Amino acid sequence: MTSTTDQLPPIPLHTVAANSEPSSSTTTSEYAPKRKIFTEMDMQYWQKSDAHYLVQLTIARLAKAVEGRGVADECFESPIIQKIVTFLNELEGKVEGVELDKGPQRFGNKAFRTWVSDIMALSEGPFHTTLLPPAMHPVLPELSHAFQSSFGSPLRLDYGTGHELSFLTYLAILLSLGVCTDRDEQALVTRVFVAYIDCVRALQKKFRLEPAGSKGVWGLDDHQHLAYLFGAAQLHSDPSTPSSILKSSRSPSTPPNNLFTSSLTHLHTLKTGPFHEHSPLLHQIGSTVPSWTKVSQGLTKMYEHEVLQKRVVVQHLVFGGVLRWVEEGAAAVGAPSLPSSGDGKEDDHQTDHSTISTSAASEPASALGDETTFAPWTLPGGTPLVVDSAHLAPRRDSTPPGLRTAPLSPTLPSTSVLSPPAAGVPVVEPKRFEPPAFFPVPSNGDLPGSSSSSPHRMARKLSGLHTRPVISSHDHEEEAVL
């Protein structure tokens, strides 16, 4: 039987050296996960890297593998697939057993850290050591880190598309090692990824993790993107049209058989109010996009622009011997690493997961290597402001409610985290966020049911976007999304 992904390039296979041992210094340096993306300068190298290509190709092949195939459809399930699914179900089952912390907290419940410490012990111990053959054990640090980074940050108590991307890199590593093959690609989505999504949804409901880097109503979803991308691919042969999005509810009559519909169902359990107000982009897709193929194309472009090209999202990715920080297409052995602004600095990849303690949460953000991002609505309108790095706010999970929010008044007190511009310091003018248009918009430029002055107005053009083309299973189609 011919594979549905035959027209796409195969996943490059990585071979672990036969004389490699987990304890050797050479192997440790090669497969030890390291951060490489620290500044915007590093983004140009990320987009040229072998790791970026592997991520793109993995997404394209997995999306193609599930075209027209539902979650419940029969597929090949290898023992490896079954073992991963069983482990993810076990982790989901442990969520309900964790007692919530009843102390004061702003967003995520601190009991999430207890759950994370449990999965770290299981992941680094028996699970992955038995998942990989002994010859591949040198890769365990890189594989385990990708897995552990997929469920949210125990320090920031948040979860977002960056963590979802970490799980995608976990699947990419398994495919590159040959542990999973092209026969497993459908099951990697309809079995493994579905079990992962079920687990993180349970975490969101239980611990109320804060959305990481959410754009609010301007984003596709506070937590996920790949779930919609794979779900749209599943609906390619479905008789329904994207307009069915507008009829979604929190209590469907039958269990959803695709990731797109199940994501909408989960969304309705987390958000209330008119759909076009809390999820205008999804409402726009349902109102204007004619087919699921077009939805897939738009979501693929959007993922490249809104996830893979955003430093604040990909900066927490780590690289090693499989997810390589080398030039795309470089030789498997001996290829020089690409430059990084973090070269020569102490690596801090372990901050989020390897150092979890109650005292860590009370340290200033600068001490933990985190960044402080100020929301646009905390900036007084029209007032030129700069960030005073000497007054960075502490982490949000240890700050009493209200202390980190800058006042809306144009007159700021001297103790604010925002200070007037100093002489000779460049002034940053706050700009209103305008979302790029990855999907067609109505002729009047507004969402259905909204006025011409609606705050949910979408941009008509995606100006100034010059990117490498994303590997897509639909490159043969001549008609563009925009």
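The values are calculated or read from the model by the stated rules, or taken from the named source; none is laboratory data. Nothing here was measured: the structure is a model prediction, and the numbers come from that model. No Cβ is skipped: glycine too gets one built from the backbone with ideal geometry, and neighbour counts run over all protein chains shown. Areas reflect the complete protein model, heavy atoms only, side chains present, ligands, DNA and RNA absent. Shrake-Rupley method; radii C 1.70, N 1.55, O 1.52, S 1.80 Å.
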For region 56-69, enumerate the residues that are buried (at least 23 other Cβ atoms within 10 Å of the Cβ) and either within 22 Å of S337 (Cα to Cα) or not β-branched (V, I, T) (or both).
-> R61, L62, A63, A65
Is it true that R183 is open to solvent by 10 Å² or more (accessible area, probe 1.4 Å) and closer than 22 Å to D198 by Cα?
-> no
Name the single residue, out of those in region 81-106 being of a type in the set (A, V, I, L, M, F, W, C) and in contact with a helix residue (DSSP H, G or I) (Cβ under 7 Å, 6 or more places away or on another chain), that is most open to solvent (accessible area, probe 1.4 Å).
-> V85
When only residues in region 28-55 that are open to solvent by 10 Å² or more (accessible area, probe 1.4 Å) and hydroxyl-bearing (S, T, Y) count, which is nearest to the chain's Cα centre (by Cα)?
-> Y53
Restricting region 118-132 to residues that are at pLDDT below 90 and either under 21 Å from the mean Cα position of the chain (by Cα) or open to solvent by 30 Å² or more (accessible area, probe 1.4 Å) (or both), which is farthest from E90 (Cα to Cα)?
-> E124
Picking from F76, F87, the residue that is out of contact with any Lys or Arg (no Cβ under 9 Å at 6 or more places or on another chain), under 21 Å from L188 (Cα atoms) and in contact (Cβ under 8 Å) with a residue 40 or more places away in the chain would be F87
Quick one: I285 ticks every box in (1) out of contact with any Gly (no Cβ under 8 Å at 6 or more places or on another chain); (2) modelled with pLDDT of 85 or more; (3) open to solvent by less than 30 Å² (accessible area, probe 1.4 Å) bar one, so which box is it?
-> (1)
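Table: residues versus (1) out of contact with any strand residue (DSSP E or B) (no Cβ under 8 Å at 6 or more places or on another chain); (2) small (G, A, S); (3) within 30 Å of L177 (Cβ to Cβ).
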site: T272; (1), (2), (3): yes, no, no
site: H276; (1), (2), (3): yes, no, no
site: S287; (1), (2), (3): yes, yes, no
site: V295; (1), (2), (3): yes, no, no
site: V314; (1), (2), (3): yes, no, yes
site: V322; (1), (2), (3): yes, no, yes
Just one of the numbered conditions (1) in a helix (DSSP H, G or I); (2) of a type in the set (D, E); (3) buried (at least 21 other Cβ atoms within 10 Å of the Cβ) is not true of D198; which one?
-> (3)
For L171, indicate whether it is open to solvent by less than 10 Å² (accessible area, probe 1.4 Å) and farther than 26 Å from L270 by Cα.
-> yes
From the list H145, H137, which one is on the phi < 0 side of the Ramachandran plot, touching a Pro at 6+ places or on another chain (Cβ under 9 Å), surrounded by fewer than 20 Cβ atoms within 10 Å (Cβ to Cβ) and at pLDDT 90 or above?
-> H137
Can you name the number of the only condition in (1) open to solvent by less than 40 Å² (accessible area, probe 1.4 Å); (2) in contact with a Leu (Cβ under 8 Å, 6 or more places away or on another chain); (3) in contact (Cβ under 8 Å) with a residue 60 or more places away in the chain that G342 fails?
-> (2)
Go through (1) farther than 27 Å from S144 by Cα; (2) in contact with a helix residue (DSSP H, G or I) (Cβ under 8 Å, 6 or more places away or on another chain); (3) hydrophobic (A, V, I, L, M, F, W, C); (4) at pLDDT 90 or above one by one and return the number of the condition M302 breaks.
-> (2)
So, first residue under 15 Å from D101 (Cα atoms) and open to solvent by 50 Å² or more (accessible area, probe 1.4 Å) in region 204-221, second residue assigned to a loop (DSSP other than H, G, I, E, B) and modelled with pLDDT of 70 or more, Cβ within less than 9 Å, six or more apart or across chains; the pairs are R208/F107; R208/G108; R208/N109; R208/L157
Does L165 qualify as being under 26 Å from V16 (Cα atoms) and surrounded by 23 or more Cβ atoms within 10 Å (Cβ to Cβ)?
-> yes
Filtering region 222-271 down to residues that are open to solvent by 30 Å² or more (accessible area, probe 1.4 Å) and under 16 Å from A195 (Cα atoms), which residue is modelled with the lowest pLDDT?
-> P255
Residue match in region 181-191 (condition: touching a helix residue (DSSP H, G or I) at 6+ places or on another chain (Cβ under 6 Å) and over 15 Å from R61 (Cα atoms)) | yes
So, first residue touching a residue at least 60 places away in the same chain (Cβ under 8 Å) in region 41-61, second residue among the aromatic types (F, W, Y), Cβ within less than 7 Å, six or more apart or across chains; the pairs are S49/W325; A51/F319; A51/W325; H52/W46
Pair list, Cβ under 7 Å, 6 or more apart: region 95-119 residue hydroxyl-bearing (S, T, Y), other residue at pLDDT 90 or above = T114/V98
Checked A367, A360 against criteria (over 30 Å from A233 (Cβ atoms), open to solvent by less than 50 Å² (accessible area, probe 1.4 Å), of a type in the set (A, V, I, L, M, F, W, C) and modelled with pLDDT under 75); the one match is A360
